[in-house]
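The values are calculated or read from the model by the stated rules, or taken from the named source; none is laboratory data. Note that the structure is predicted; figures quoted are calculated from it, not measured. Glycine also receives a Cβ, built like all others from the backbone with ideal geometry; neighbour counts cover every protein chain displayed. For accessibility, only protein heavy atoms count, side chains too; no ligands or nucleic acids. Shrake-Rupley method; radii C 1.70, N 1.55, O 1.52, S 1.80 Å.
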Amino acid sequence: MEPEFWTDGSVWADRSEHTMEGTGLAEMAVRDLKAKDWCFFQTSGTEGARKWVGLTKQALLISARAVNEHFGITAQDHWLLALPTHHVGGFGILARAHLSGSPITRLEGKWSAVAFVQTCENVGATLASLVPTQIFDLVAAQLRAPASMRAVLVGGGALNAELEAAALALGWQVHCTYAMTETGSSVAAQPRPGAELEVLPIWQVRTDAEGVLTVSGPALALGYAICEEGRWRWEPIPAEGLRTRDRVEIIEAGGTRRLRFLGREAGTVKILGELVALGPIQDRIETLRLKLGSSTADAAVCDVADARKESRLVLAVSGMTEEEAAQMQKGLNETLRPFEQIQDVRRLQAIPRSDLGKVLLANLRELL
């Protein structure tokens, strides 16, 4: 990406030339919103309809500068880009490198944990951003971190404690982050492996009575572009900030603000009148997948309607033997409350996941 991109006045929409969903978005933004120096990114669509998030290039650079300062990123660092740039997680690396002068090497071809490590060793990469699925692949293959790699930023989903510990044992200096498309990158990040998430100085954060987070700051997106029946409409984000669907705890101590992620509001279902969070169950599944030692086996928990219970949980599996699926079901039920017990295992050709490895719950429900 040429340096002129950041100030040339253009409007950029990810995959707009390749995905029919994005056709005409940039033109609409220039015509109707008088946009100049904007970028649009699709949300992952983990809970239903996709939206296109509109961020100014200046907001992306503000976010990138905050991340560079948090991790001490300089021109002496070398990024290994292993995320797609049509997602803000990959695109953010371009902004960070632009500001710091860090060189970038792109991992070519389909994701491969072995190729990632080999490329890192070949170019002496010091930094990378990965998603939990990619960390899982590195750990499952028992690949040790090259000596040059000083920090791996992990976003795009929660990294469960067992997987984090396994990665650290292999030398991967993983730094968990809390980020979203609407903030251009991280809202909070671990200052060191194993530490609590620290809110970056550019963000103002608060919670409501239910503990749901609202975030505001100079790097926040302006709004959403939504296409309905072939026509675009614009949905601005309120001036007072973005109310997320995440429940968090904010702790102020020692001059820092720490953020603890408690769960996702939208990932909660009711079974026999009891609230059940799907996130911790999916975390347990990822741990069990790791113990199975198969990189091709996949599994996810999903709620389906039930006439008596309102909802019940189903275990969807892919690429597993009957024995492995039974072990997964048994391992889960040992930790679940009686009304959460999984009695139904469904076999699918593949678990629907986003490009960043998130389970696409809406798609999975439809398949089930």
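Would you please name the residue that is most open to solvent (accessible area, probe 1.4 Å), looking only at residues in the range 239-256 that are touching a Ser or Thr at 6+ places or on another chain (Cβ under 9 Å) and not charged (D, E, K, R)? Working first, answer last.
The first filter runs over the range 239-256 and keeps only residues touching a Ser or Thr at 6+ places or on another chain (Cβ under 9 Å), leaving 239-244, 247-250.
Checking the rest, the ones that are also not charged (D, E, K, R) come to 239, 241-242, 244, 248, 250.
Numbers: Ala239: 108, Gly241: 7, Leu242: 18, Thr244: 10, Val248: 6, Ile250: 50 Å².
Ranking the candidates gives Ala239 first.
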Qualifying residue in the range 157-175 (condition: touching a His at 6+ places or on another chain (Cβ under 8 Å), open to solvent by 20 Å² or more (accessible area, probe 1.4 Å) and over 30 Å from Glu235 (Cβ atoms)):
no
Answer yes or no: is there a residue in the range 69-92 that is within 16 Å of Met180 (Cα to Cα), assigned to a strand (DSSP E or B), in contact with a strand residue (DSSP E or B) (Cβ under 9 Å, 6 or more places away or on another chain) and open to solvent by 20 Å² or more (accessible area, probe 1.4 Å).
no
Taking Ala209, is it farther than 24 Å from Thr296 by Cβ, outside any strand (DSSP E or B), free of Cβ contacts under 8 Å to residues at least 24 places away in the same chain and open to solvent by 30 Å² or more (accessible area, probe 1.4 Å)?
yes
Pick out, from the range 257-340, the strands (runs of 3 or more DSSP E) lying fully within it that include 3 or more residues that are touching a residue at least 24 places away in the same chain (Cβ under 8 Å) and open to solvent by less than 30 Å² (accessible area, probe 1.4 Å).
298-306, 310-318
Residue check, Asp137 against (1) part of a loop (DSSP other than H, G, I, E, B); (2) open to solvent by 30 Å² or more (accessible area, probe 1.4 Å), all met but one. Which one?
(1)
